[in-house]
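All of the numbers you see were taken from the coordinates with simple rules; none came from a lab. Treat the numbers as computed from the prediction; the structure is a model and nothing was measured. Cβ: placed from backbone, ideal geometry, glycine included. Neighbour counts: every protein chain shown.
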Amino acid sequence: MFTGLIREMAEVLSFNKNILTLKANYTPKIGDSIAINGACLSVIKITSSSFSVEISPESTKILAMQNYTKIVHIEPAMMMGDRFEGHIVQGHIDCLGKIKNIRQNGNSSDYIITLPKEFMKFISPKGSISIDGVSLTINEVFSDSFRLTIIPLTIKNTLLKTYKVGTSVNIETDMFARYIYNIFSKNNKTLCWDEVDKIMASY
């Protein structure tokens, strides 16, 4: 389990035969789970200056692998008793999104991201989403895309500063949105986001 708050930016040393080797200040242990650009991966090797994780062929089909070449986001799994910020992130990538537009909005920047339509049902205004492992708030939802408004501090300290129109990103939709949708769809009940808000507020 993760929070979507990036621990640091790690340098990619190599990616060979599905083994991704990184250089970072953080030192994990063998077997530790660590989110790399939002994908939960296991540490399989440690040296004095690096650590390695294995990415399966199945994962490489899903992940935005072009973002695993220079610098990546890393976040270790939460430990019991850790301060909880961001939102609950599982490290299970649902799909790829694509940057449709980037525009200035006062002292912030708006990022418009498109999604495959089958995942738009999990996107709600003011809901949470993980973009390459970064916990962000959705400000506006369209038919096949959504808008994020991001402050300069977040842009400066994440891969967001490297994104351009056309960049693909790892997307993990909100866990609660997925669960609630599945519960109601199995019971053939209709569900609107006002009802979801009421359900979420009850917890």
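Points to keep in mind about this one:
- Table column - 3J(HN,Hα) (Hz), region 87-104, Karplus curve with 6.51, -1.76, 1.60, x for Gly and Pro: 8, 6, 10, 8, x, 10, 6, 7, 6, 9, x, 9, 5, 8, 7, 10, 9, 6
- The chain: calculated mean residue ellipticity at 222 nm from DSSP helix runs of at least 4, using -39500 (n - 2.57): -4000 deg cm²/dmol
- Counting neighbouring beta carbons within 10 Å and listing from fewest to most, the residues Thr173, Thr21 come out as Thr21, Thr173.
- Note on the chain: with a GNM built from Cα contacts shorter than 10 Å, the maximum mean-square fluctuation among Ile150, Ile113, Ile171 falls on Ile150.
- Distribution of pairwise C-alpha distances over region 62-129, 10 Å bins, in %: 13, 38, 39, 10
- When only Cα pairs below 8 angstrom with a gap of at least 6 residues are kept, region 95-201 shows a relative contact order of 30 percent.
- Relative compactness, region 8-76, computed as alpha-carbon Rg over 2.2 N^0.38 Å: 0.97
- Residue among Tyr163, Tyr111, Tyr181 with the largest mean-square fluctuation in a Gaussian network model of the chain, springs linking Cα atoms under 10 Å: Tyr181
- Extension gain, Met9 back to Lys45 (0.36 nm per residue minus Cα-Cα distance, nm): 11.1 nm
- Residues whose amide H comes within less than 5 Å of that of Asp94, counting only those at least five positions distant or on another chain, are Ile171, Glu172, Thr173 (H built at 1.01 Å from N in the peptide plane).
- Cβ-based net charge around Thr21, under 14 Å, with every Lys or Arg adding one and every Asp or Glu removing one: +2
- Acute angle (nearest 10 degrees) that the helix 175-186 long axis makes with the longest principal axis of the chain, alpha-carbon atoms: 50
- Whole-Hz couplings from phi, Karplus 6.51/-1.76/1.60, listed for region 112-122; x for Gly and Pro: 9, 10, 8, 9, x, 4, 5, 9, 5, 5, 9
- Highest-MSF residue in the chain out of Val72, Val165, Val53 [GNM, Cα springs under 10 Å]: Val165
- Taking all Cα-Cα distances within the chain, those exceeding 30 Å account for 23%.
- Taking θ as phi - 60° and the Karplus parameters 6.51, -1.76 and 1.60, the scalar couplings of region 23-33 work out to 10, 8, 5, 6, 10, x, 10, 4, x, 4, 8 Hz in sequence order, x denoting glycine and proline.
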